[in-house]
Amino acid sequence: MKGLLLKDLYIAKSNILVIIGSLIVLGFGLSVLIEASALLVLAPPCATTAVFISITSDANSKWNKNVITMPVSRSQIIGEKFILFIILSVLGIMAALIPCGVLAIFGAEMSLASLLLYGSIGVSAALFAGCFSLPCAYFFDPDKSQIVFLMSFLASTGIIVALVLLINLFIPVKGNILLPFNIVLIIAAIFFFISHKIAVMAYQEKDIT
Amino acid sequence: MNNALTISELTKTYKDFVLDKVSFSVPEGSIVGLIGENGAGKSTTINAALGLIQKDAGYISIMGKEELDNDTKEQIGVVFDGSNYPEILSPKRLNRVMKNIYHSWDEHTYMSLLQKFSLPADKQISQFSKGMKMKLAISVALSHNSKLLILDEATSGLDPVIRDDILDMLLDFVQDEEHSILVSSHITSDLEKIADYIVFIHEGQVVFFKPKDELTEQYGIIKCGAAQFDALDKSDIIVYRKMDYEWQILVSDREEMQRKYPKAMVVPATIDEIMLLYVKGER
């Protein structure tokens, strides 16, 4: 699996660097208008776009066919993309934390609660988007999966709002805002895990031509 | 003699095509050529052998194992039409990737092959010609101690000089009697040069699986007119084809036929001609 990850990091390297650079610049730029920690909402979904660049590259070069003949299992092939997705989400968070940290040193107001809140919203959005779009990337053609990829971010926003409203019925969100979003994050992680299992199961039987 | 690959009664059904009980084997130390027109079932057979597609029925064994596990995959080198490697990578980066995929990856062999084929290690694969990409794919296939090479239309679209280089390399590979090759191609002249056995697939079925020498040294074509054709013993005819000015009849023993029909013109048959007669001829 290490080889597969290395291959994807080579493919997405320039894209990852551009996204990380943009997030850092955006963080400093936005700090004039809003709290820089709000960037944590955007960072994970933006950073994970590189996964789809690697999936598209695999499809274009017919790597998907070649890799099946190599000593890696189908579950490792799928699992690697899910792991890459998580690594990129974490990289996105870290990139967004750089301007936050620098601005905090220079006296900008920033609370740990807001960092955790925006961070959990960002990671939840990325995980929900990934749990729809990653399996689809292996079962639809590249054009359709790009549409699914774009739609999945809209869907993930909708799901987060719906979940928060649902949680609000049991735990009042006002005055206790961090807990509902942490619950959403846990649900997103569970969905992401289930999505991985479903993708692995479906891919085992798929004919690759 | 052990078989590197055994395929028995392999069946795969699609909406518009059936691979029907395909059986043949690749003995260790030999080159087996898989021939047939486009859409005959060559790639479907190879894809099933490599576990790319699920078979409906039949038995496939590679290196004596029915299950295609990672240890077995380590010993199989595969070359498809095109390089099938991410074009953004360079051969040097591909080396690092492969080193982390194959336990038996031999960096020294890989770098030597790159040098032998004059492939630039730092140039992106996207800038390679088709011939260079093919040589790169073969270099990868030969750099993890493969015992079985499987090439699916690997020489199609290449110029004769590069094809000849590749054929020489394949011949070198089977000098070690533990090594074997299954090569599918519709360039039958290439297979005539290197193959020990020929498997001919037509409309999803194996028409024949024979030693190449038997085909080229024993098979023949009787070229005659209508009267002579009518006089032939029909049990001698494998297939026949009526051309504009003559009849062409494929026979399995040309010397015997020459003795039996001394006035007939019996000529040796190339694999191309045998394939054409089977596909376009009548029985």
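The values are calculated or read from the model by the stated rules, or taken from the named source; none is laboratory data. Keep in mind the model is a prediction, meaning the values are calculated, not measured. Heads up, the Cβs are rebuilt from the backbone with ideal geometry, glycines too, and the neighbour counts pull from every protein chain shown. Side chains included, ligands, DNA and RNA excluded: accessible areas come from the protein's heavy atoms. Shrake-Rupley method; radii C 1.70, N 1.55, O 1.52, S 1.80 Å.
Which length gain, in nm to one decimal place, applies between A:VAL25 and A:ASN176 when the Cα-Cα distance is subtracted from 0.36 nm times their residue separation?
Working: separation 151, 0.36 × 151 = 54.36 nm, distance 3.17 nm.
Answer, rounded to one decimal: 51.2 nm.
Please give the charge dipole size of region A:2-205, origin at the Cα centre, charges +1 on K and R Cβ atoms and -1 on D and E Cβ atoms. Round to the nearest 20 debye.
Values: 10 positive and 8 negative charges, 79 e Å.
For region A:2-205, the charge dipole is close to 380 debye.
So if a site counts as exposed when it's one of the chymotrypsin sites (Phe, Trp or Tyr not before Pro), its DSSP state isn't H, G, I, E or B, and it has at most 14 other Cβ atoms within 10 Å, what's the longest stretch of chain B without one?
Numbers: sites that count: B:TYR14, B:PHE17, B:TYR245.
Value returned for the longest uninterrupted segment is B:18-244.
Roughly to the nearest percent, how much of the accessible area of chain B is carbon and sulfur, given a 1.4 Å probe? Spell out each step's value before the answer.
Numbers: 5710 of 12530 Å².
Here carbon and sulfur together make up 46 percent of the probe-accessible area.
Can you compute 3J(HN,Hα) from phi for each residue in region A:110-119, using the Karplus curve 6.51 cos²θ - 1.76 cosθ + 1.60 with θ = phi - 60°, rounded to whole Hz and x for Gly and Pro?
In residue order, the calculated couplings are 7, 9, 4, 4, 5, 4, 5, 4, 5, x Hz.
Of A:GLY29, A:ILE190, A:LEU165, whose Cα points farthest to the positive end of the dipole of region A:2-205 (charges on the beta-carbon: +1 Lys, Arg; -1 Asp, Glu; origin at the Cα centre)?
The residue sitting farthest along the positive end of the dipole is A:ILE190.
Rounded to the nearest 100 Å², what is the buried accessible area between A and B, both sides summed, probe 1.4 Å? Walk me through the intermediate numbers first.
On the way: alone 11010 and 13770 Å², together 22280 Å².
When A and B are taken together, about 2500 Å² of accessible area is lost.
Once phi is turned into ³J(HN,Hα) by the Karplus curve 6.51 cos²θ - 1.76 cosθ + 1.60 with θ = phi - 60°, what whole-Hz value does each residue of region B:265-279 show in order, with x for glycine and proline?
3J(HN,Hα) across region B:265-279, in whole Hz: 8, 10, 10, x, 10, 7, 4, 4, 5, 4, 4, 4, 5, 5, 6.
Given labels modelled 7 Å from the Cα in the Cβ direction, how far is it in nm from B:THR11 to A:GLN204?
The answer from the label model is 2.4 nm.
Given the -39500 (n - 2.57) contribution per DSSP H run of 4+ residues, what per-residue ellipticity at 222 nm results for chain A, rounded to the nearest 500 deg cm²/dmol? Before the final figure, lay out each step's value.
On the way: 8 runs with 174 residues, N = 209.
Helix contribution divided over all residues of chain A: -29000 deg cm²/dmol.
Using +1 at the C-beta of Lys and Arg and -1 at the C-beta of Asp and Glu, which of A:PHE85, A:LEU127, A:ASN15 has the Cα lying farthest in the positive direction of the dipole of the protein assembly as shown?
Of the listed residues, the answer is A:LEU127.
With +1 on the Cβ of every Lys and Arg and -1 on the Cβ of every Asp and Glu, and nothing else charged, how large is the dipole of the protein assembly as shown about its Cα centre, in debye rounded to the nearest 20? Could the numbers behind the result be given before it?
Details: 42 positive and 53 negative charges, 329 e Å.
That gives a dipole near 1580 debye.
What distance in nm lies between label points placed 7 Å from Cα along the C-beta direction at B:ASP233 and A:ILE34?
It works out to 9.3 nm between the two label points.
Once you keep just the Cα pairs under 8 angstrom separated by 6 or more residues, what percentage relative contact order results for region B:153-262?
Working: 108 pairs, mean separation 19.4, N = 110.
About 18 percent, as a whole number.
For B:ASP196, list long-range residues whose amide hydrogen, built 1.01 Å from N in the peptide plane, is under 5 Å from its own amide hydrogen.
Those lying under 5 Å, H to H, from B:ASP196 are B:ILE31, B:VAL32, B:GLY33.
Whole angstrom only: what separates the Cα centroid of region B:132-204 from the Cα centroid of region B:248-283?
28 Å
Viscosity 1.306 mPa s, temperature 10 °C: what is the translational diffusion coefficient of chain A from Stokes-Einstein with a Kirkwood Rh over Cα pairs, rounded to a whole number of µm²/s? Could the numbers behind the result be given before it?
On the way: Rh = 18.0 Å.
Answer, rounded: 88 µm²/s.
Tell me the per residue accessible area of chain B using a 1.4 Å probe; a whole number in Å² is fine. List each step's numbers first, then the result.
On the way: 12530 Å² over 283 residues.
Here the per-residue accessible area is 44 Å².
Mind listing which chymotrypsin sites (Phe, Trp or Tyr not before Pro) in region A:51-128 are in a DSSP loop and have 15 or fewer other Cβ atoms within 10 Å? Intermediate results must be reported in sequence, preceding the final value.
Values: sites: A:PHE52, A:TRP63, A:PHE82, A:PHE85, A:PHE106, A:TYR118, A:PHE128; in loops: A:PHE106.
Here the chymotrypsin sites (Phe, Trp or Tyr not before Pro) that fit, given the DSSP loop and packing criteria, are A:PHE106.
Taking θ as phi - 60°, what are the ³J(HN,Hα) couplings along region B:194-201 by the Karplus curve (6.51, -1.76, 1.60), each to the nearest whole Hz, with x for Gly and Pro?
With the stated coefficients, region B:194-201 comes to 10, 6, 8, 10, 10, 10, 10, 10 Hz.
Kindly flag which residue pairs out of B:LYS147/B:LYS212; B:LYS12/B:LYS133; A:LYS65/B:LYS42; A:LYS7/B:LYS123; A:LYS7/B:LYS92; B:LYS73/B:LYS130 have an alpha-carbon separation exceeding 19 Å in this structure.
Values: B:LYS147/B:LYS212 22 Å; B:LYS12/B:LYS133 31 Å; A:LYS65/B:LYS42 16 Å; A:LYS7/B:LYS123 16 Å; A:LYS7/B:LYS92 12 Å; B:LYS73/B:LYS130 26 Å.
Long pairs (Cα-Cα over 19 Å): B:LYS147/B:LYS212; B:LYS12/B:LYS133; B:LYS73/B:LYS130.
Return the distance in nm (one decimal) between the two label points of a simple spin-label model at B:GLU256 and B:SER23, each offset 7 Å from Cα along Cα→Cβ.
Using points 7 Å along Cα→Cβ, the separation is 2.2 nm.
In percent, what relative contact order does region A:31-110 have, based on Cα pairs under 8 Å that are 6 or more apart in sequence?
Working: 44 pairs, mean separation 46.1, N = 80.
The value is 58 percent.
In whole angstrom, how far apart do the alpha carbon centroids of region A:168-200 and region B:68-119 sit?
Answer, in whole Å: 43.
Could you pull out the trypsin sites (Lys or Arg not before Pro) across region B:1-40 that fall in loop regions by DSSP (anything but H, G, I, E, B) with no more than 15 other Cβ atoms inside 10 Å?
Sites meeting the loop and neighbour criteria: B:LYS15.
On the accessible surface of region A:2-205, probed at 1.4 Å, how many percent belong to carbon and sulfur atoms? The partial results should precede the final answer.
On the way: 7240 of 9440 Å².
C and S fraction of accessible area: 77 percent.
Grab the DSSP H runs of chain B that are 4 residues or longer, score each as -39,500 (n - 2.57), total them, divide by all residues and round the 222 nm result to the nearest 500 deg cm²/dmol.
Estimated from H runs of four or more residues: -9500 deg cm²/dmol.
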